[in-house]
Amino acid sequence: MNWKNTKLKRLFTLSSTTLILVGSAAAQSVIVQEDFNGTGDPLDGSTAELFDNAVTTAGGSNIWVSSDTYSDDGSVNVGSGTNSSAHLSLGSYINDTKGTSTGIFDLTMTIGAVTGIGNIWLSVGFSELSAPATNNHFINLDATGTIILRGSGELDTWGGPGSNNAIDGPDGNAGARTVTVTLDLSTHDGVDDFGSVTWSDSLLGEINSHDYTEDVDFSSIFLSEANGTLSTISNLTLTQVADPNAPNFAITEINYAPEANTVTLTWTSSPDDSYIAQISNDLTQFDADIGDGITMAIDDEDETDGNHLTKTFD
């Protein structure tokens, strides 16, 4: 699997041999984190506090690319451009999860009070571009799932770039807010389901949602502001969320056939999980594999139950 998972283990003993089943199971995992706890140096060129190696392997980068508006302590000041942005490239990591149980993500960030003159706002979301320009804002940079906090206190959302994708949000929300962009690409089939995005606020709960009607990319985390916004940002996290419908990992049936020297196991699984079976004679060294990369698609001996995997081991 191409994501950070929790390894779950089940052991049992047959005669003098102990078999261990190690499986990958859907588990919530923070894959990007930035607390903006620097000393006030430029954000551009700084390194994200946490950046999962799997995202780097997928072509992402833990190096912030930013205009001079943003500093590593989270302060947002008037920079050299009228509009500005900052981003972290995610490569193909999110896009690779489309149509799988691992394709659910929460992007969360706290935005301080937005002040300034005129039509000012600060946004957080994603961009289709791995390297969007830093001298513009999200409306013109292929944004995919963005929430903005205006100086007026209005929370608006965008499914994509341009005014046609705008969804009007609630007013009167001045002051610091923690906002969340939730992507659900687990249902993506590339035909008539392209996933959805939901926006939430820490005080109001769910604000809006949007179903994508065509295939879009989520190639970078994208922050932007317009017209000289003054504010602060903190506590940015990108979390990969477990599929709520995925079964818990548990062995549900054991059939030992000593005359055939085999054991047949049945355990809860989902199509995206994979497993390794290992044996040990001393409960210390589990270094003998008797099954590797076990999946429902290849190894399941009982296809009538879509929530379990059955396999016989010698």
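The values are calculated or read from the model by the stated rules, or taken from the named source; none is laboratory data. Predicted, not measured: the structure shown is a model, and the values here were computed from it. Don't worry about glycine lacking a Cβ; one is built from the backbone with ideal geometry, like all the others, and counts go over all protein chains shown. Each accessible area value is taken on the protein alone, full model and side chains, heavy atoms only, with ligands, DNA and RNA left out. Shrake-Rupley method; radii C 1.70, N 1.55, O 1.52, S 1.80 Å.
Just a few scattered comments:
- Candidates are the residues of the stretch 27-37 that are open to solvent by 30 Å² or more (accessible area, probe 1.4 Å) and outside any strand (DSSP E or B); the one that is modelled with the lowest pLDDT is 28.
- Filtered residue count, the stretch 50-87, keeping only those that are part of a strand (DSSP E or B) and aromatic (Phe, Trp, Tyr): 2
- Residue count for the stretch 88-134, restricted to those that are part of a strand (DSSP E or B) and either of a type in the set (D, E, K, R) or surrounded by 22 or more Cβ atoms within 10 Å (Cβ to Cβ) (or both): 15.
- Whichever residue in the stretch 135-160 is at pLDDT below 95 and of a type in the set (S, T, N, Q) and, among such residues, is least open to solvent (accessible area, probe 1.4 Å): 144
- Residues satisfying the stated conditions in the stretch 136-167, i.e. farther than 9 Å from residue 123 by Cβ, touching a Ser or Thr at 6+ places or on another chain (Cβ under 7 Å) and assigned to a loop (DSSP other than H, G, I, E, B): 136, 141, 142, 151, 160
- Consider the stretch 291-310 and keep the residues that are open to solvent by 40 Å² or more (accessible area, probe 1.4 Å) and of a type in the set (D, E, K, R). The one that is nearest to the chain's Cα centre (by Cα) is 292.
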